[in-house]
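A.B. asks: Let me give you the structure first, and then I'll get to my questions.
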Amino acid sequence: MGRRASGAEQEIQREMESRIEAQGFELVDLEWAGARSRPIMRVRIDLPDAGPGRGVTVDDCAQVSRAVEGWLDELPDFPERYVLEVSSPGVERPLTRRRDWARFAGQKVVVRGHGVLVGRSTRLEGELLGVEGDGEGEDGYRVRLRLANGDEVEVEREKIAGGNILFEWE
């Protein structure tokens, strides 16, 4: 688990997202770890609108890493020593933004709550049905799920600690 990003790190994340998009990819997640004097940045990227089985390659990760490293090296207040890890989101891709929850409708997912979700558990598994609501910002919506027993539930985004696609071996 990474540490909470500082204000300066959040600004770096916004700029990094822009630079990654300019390379033709999307930032899925950025986790900050390590000390502020030697930060570790774990960056997960994907192709926009990539579906299961169609994602980034090792060469794509290397391309983004080179582009971002050059920019980070030139930042005046950024530590000279840092670790940058660029990878694909993996088969159990995290769902971090509203667009992810909408895009992966129809997939089996796991949703983890800050507390008990819809009176059931802190962890729900089911088919992602999509999102509801037009709230402001990244938290003003609800995630819709169909659970294994057929019940359909809606979970307020601000109650979700995390979520990801559930990979099932065939």
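The values are calculated or read from the model by the stated rules, or taken from the named source; none is laboratory data. Since this is a predicted model, take the numbers as computed values, not measurements. Cβ sites come from the backbone with ideal geometry, for glycine too, and all protein chains shown count toward neighbours. To get the accessible areas, we keep the full protein, side chains included, count just its heavy atoms, and leave off ligands, DNA and RNA. Shrake-Rupley method; radii C 1.70, N 1.55, O 1.52, S 1.80 Å.
A.B. asks: Here is a check on your reading of the model: is ARG54 within 19 Å of the chain's Cα centre (by Cα) and at pLDDT below 90?
C.D. replies: Taking the combined requirement at face value, the residue satisfies it.
A.B. asks: Look at GLY113 and say whether it is small (Gly, Ala, Ser) and open to solvent by less than 60 Å² (accessible area, probe 1.4 Å).
C.D. replies: So GLY113 fits the description; yes.
A.B. asks: Does THR57 meet the test of being hydroxyl-bearing (Ser, Thr, Tyr), out of contact with any helix residue (DSSP H, G or I) (no Cβ under 7 Å at 6 or more places or on another chain), within 20 Å of ARG42 (Cα to Cα) and loosely packed, with under 13 Cβ neighbours inside 10 Å?
C.D. replies: Here the answer is yes, as THR57 does meet what is asked.
A.B. asks: If you take the residues of the stretch 149-169 that are outside any loop (DSSP other than H, G, I, E, B) and more than 19 Å from the chain's Cα centre (by Cα), which of them is surrounded by the most Cβ atoms within 10 Å (Cβ to Cβ)?
C.D. replies: Filtering first and then ranking leaves VAL153.
A.B. asks: Name the residues in the stretch 79-99 that are modelled with pLDDT of 90 or more and in contact with a Pro (Cβ under 8 Å, 6 or more places away or on another chain), would you?
C.D. replies: Selection gives PRO79, TYR82, VAL83.
A.B. asks: Right, next: Give the number of residues within the stretch 126-148 that are more than 15 Å from ASP100 (Cβ to Cβ), at pLDDT below 95 and open to solvent by 80 Å² or more (accessible area, probe 1.4 Å).
C.D. replies: Qualifying residue count, the stretch 126-148: 3.
A.B. asks: Can I ask one more? State all residues of the stretch 23-43 that are part of a strand (DSSP E or B), surrounded by fewer than 18 Cβ atoms within 10 Å (Cβ to Cβ) and either without any contact (Cβ under 8 Å) to a residue 40 or more places away in the chain or under 14 Å from the mean Cα position of the chain (by Cα) (or both); if no residue qualifies, say none.
C.D. replies: GLU31, ALA33, ALA35, ARG42
A.B. asks: Restricting attention to the stretch 139-170, which residues are in contact with a helix residue (DSSP H, G or I) (Cβ under 7 Å, 6 or more places away or on another chain) and acidic (Asp, Glu)?
C.D. replies: Across the stretch 139-170, the qualifying residue is only ASP139.
A.B. asks: Can you go through PRO94, PRO89, PRO79 and tell me which one is surrounded by fewer than 15 Cβ atoms within 10 Å (Cβ to Cβ) and either in contact (Cβ under 8 Å) with a residue 40 or more places away in the chain or within 19 Å of the chain's Cα centre (by Cα) (or both)?
C.D. replies: Testing whether each residue is surrounded by fewer than 15 Cβ atoms within 10 Å (Cβ to Cβ) and either in contact (Cβ under 8 Å) with a residue 40 or more places away in the chain or within 19 Å of the chain's Cα centre (by Cα) (or both) leaves just PRO79.
A.B. asks: For the stretch 100-120, which residues satisfy the criterion of being within 14 Å of the chain's Cα centre (by Cα) and in a loop (DSSP other than H, G, I, E, B)?
C.D. replies: Within the stretch 100-120, PHE104 is the sole residue that qualifies.
A.B. asks: Residues of the stretch 44-89 being basic (Lys, Arg) and part of a loop (DSSP other than H, G, I, E, B), which ones?
C.D. replies: ARG54, ARG81
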